[in-house]
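The structure appears right after this line, and notes come after that.
The values are calculated or read from the model by the stated rules, or taken from the named source; none is laboratory data. Nothing here was measured: the structure is a model prediction, and the numbers come from that model. Cβ placement follows ideal geometry from the backbone for every residue including glycine, while neighbour counts extend to all protein chains displayed. In case anyone asks, the SASA skips ligands and DNA or RNA and just uses the protein heavy atoms, side chains included. Shrake-Rupley method; radii C 1.70, N 1.55, O 1.52, S 1.80 Å.
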Amino acid sequence: RDRSRERRVTKPDSNETAPNSPVAGVPDETGSFWDRWGLEAIVLAAVLVRAIAAFARPETLAADPDGYVRLAESVATGHGLVDETGQPTAYRPPLYPLLLAGPVRLLGHSTGVLAANLVASAVLVWLTYLLGRGLFGPAAARLAAAVVAFDPLLVLYTLQPMTEVPFALLTTLLLVLLLHVRRREDVGESSTTTWLLAGLVFGLAALCRPTVWAWLVVLTLPWLLRAALQRLRCPSSPTKPGLSRTMTGWACFGVATAVVVLPWVVRNTMVLGRPVLMTTHGGYTLLLANNPVFYDEVVRQPWGTVWSGESLGTWQDSLDEAMAAEEPPVVGELSRDRWMRRRALGNVADEPTTFLRSCYVRVLRFWNPAPLVASVPRSVFWGVTFYAAVVFGLAIGGLGTTSSREQPRLWPAVALVVALTAVHAVYWSNARMRAPLTPVVAVLAACGATRFFSARSAP
């Protein structure tokens, strides 16, 4: 009887993978076909949907709106990250063009972009499953993977040379690693290796999309406050074992991040004369979101008004004219970045009320379920809107039903949502910017859906 009771006590929670169990995502040989091969079917469906979309819209693969393919081609030919004039540039983060360099060189522009993004998409679906299984169990995990597989935003940006899909992959992998850290530390086990891996992945994410730095601030702030309060209350007391392990883990995380990011900073110091940690693009995106033309044509207009391409082009030309008229003229990436940042901050100071209103508008644009594109067919418009609204509603329900035991493990994912929303409340914002949050939203929506139907089917 005692042995039987012990076995019942030590049995892992059904929503978790035991520390010594096979890796989550390995087919269950004893379950149904859906249990055994459901994940593989979803990954295959994700690849097929994107391949069909690429066949239907080949022009999107041939475009290069952010210049990543041009940078990749420059890297592939041995010239490094240089602009159109052949000068070293830090205008875009380096990871994505470095990843594209090989596929673009071997397969060409369109095929190379599609191949790289299809692989990233398949891995992203699998990682979403791992995250969902670790948080809420296999049923919710499969549903979350399906949401990511068919998400319209992720399908659309798989067809374009942009960072949405690879950044979503890296942040989801980071969340999986942090969940593993939490589970090991909950049972008193060391997780130094996982902390190091998480730091390496965070460094790669920072080199893919620098907005991830804001996530680190939001994530670590509560922990730092807790540690500080503990010291203030009991200055002479020894550090608790759990807190000590966490401090050691964050130290390993920081070292690993520095190993990845430092070469980028050193390179920028050598070729640009300044240790640029992120990019020289931040001033432009801040000014793009905070200028009188945007305030007049979008913020002060009825909801749904978009900034026309013609007006945007005229405004961009006016910036070049204004910088050329300065004494001395503003030239070079670093000088232009600083000039635009100062201009944006000046606009905020001149119209603080309008700035606050614009922050509200940008948050709405970030989370707007409906596409703000006039050329979208009505059937597509309403289909995408309904899909996003249902997913958002289920995600809110899932978040509201989490238990106090689940919330600490869910906090890194929630912190990512908070951080990116806050960044794009100030900087330029649209629905594209929320695409990397789709795995988190999908996991929460799957939690909400499974618990809703479980409650409905309960006697």
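Basic side chains Lys and Arg get +1 at the Cβ, acidic Asp and Glu get -1 at the Cβ, and with that the dipole of the chain about its Cα centre reaches some 2020 debye. Figure note: F253, F55 ranked by solvent-accessible area, largest first, 1.4 Å probe, ligands and nucleic acids not counted: F55, F253.
Ligands, DNA and RNA left out, the 1.4 Å accessible surface of the chain is 66% carbon and sulfur atoms.
Remark: accessible surface ordering of W411, W213 (largest first) is W411, W213, probe radius 1.4 Å. Take S121: with every protein chain present and a 1.4 Å probe, its accessible area is about 10 Å².
From the square roots a ≥ b ≥ c of the eigenvalues of the alpha-carbon gyration tensor of region 305-459, which class results: rounded (a/c under 1.5), prolate (a/b over b/c), or oblate? Write out the running numbers ahead of the final one.
Details: a/c = 3.37, a/b = 2.03, b/c = 1.66.
Prolate is the answer for region 305-459, as a/c is 1.5 or above and a/b outweighs b/c.
The residue among V331, G400, G86 whose Cα reaches farthest toward the positive pole of the charge dipole of the chain, with charges on the beta-carbon of Lys, Arg, Asp and Glu, is G400.
Computed from point charges on the beta carbon alone (+1 for Lys and Arg, -1 for Asp and Glu), the dipole magnitude for region 123-198 about its Cα centre is near 160 Debye. Between R432 and R405, the modelled labels are 4.4 nm apart [label points 7 Å from Cα along Cα→Cβ].
Spin-label model, F55/T77: points 7 Å from Cα along the beta carbon direction are separated by 3.4 nm. Label reach from R357 (point 7 Å along Cα→C-beta): in region 266-304, amide nitrogens under 16 Å belong to 290-304. The heavy atoms of D317 present about 90 square angstrom of accessible area, all protein chains included, probe 1.4 Å.
What trypsin sites (Lys or Arg not before Pro) in region 241-344 are in a loop by DSSP, with at most 15 other Cβ atoms within 10 Å of the Cβ? Loop-located and lightly packed - R300. Highest average first, the peptides 394-401, 446-453 ordered by how many other beta carbon atoms sit within 10 Å of their residues are 446-453, 394-401.
When the Cα positions of L127, V390, T192 are compared along the charge dipole of the chain, T192 comes out farthest toward the positive end, with charges on each C-beta of Lys, Arg, Asp and Glu. A protection proxy built from the mean count of other Cβ atoms within 10 Å ranks the segments 149-160, 351-362, 75-86, 319-330, most packed first, as 149-160, 351-362, 75-86, 319-330. Cα centroids of region 393-459 and region 61-140: 26 Å apart. Taking each residue as 0.36 nm, the span from T192 to R300 lengthens on full extension beyond its C-alpha to C-alpha distance by 33.7 nm. The residues of the chain expose, per residue, 50 Å² of accessible area to a 1.4 Å probe. For T111 and V390, a Förster radius of 41 Å and the Cβ-Cβ distance give a FRET efficiency of 0.75, rounded to the nearest 0.05.
Taking every DSSP helix (H) stretch of at least 4 residues in the chain, weighting each as -39,500 (n - 2.57) and dividing the sum by the residue count yields a mean residue ellipticity at 222 nm of -23500 deg cm²/dmol. The solvent-accessible area of H109, taken with every protein chain present and a 1.4 Å probe, is close to 50 Å².
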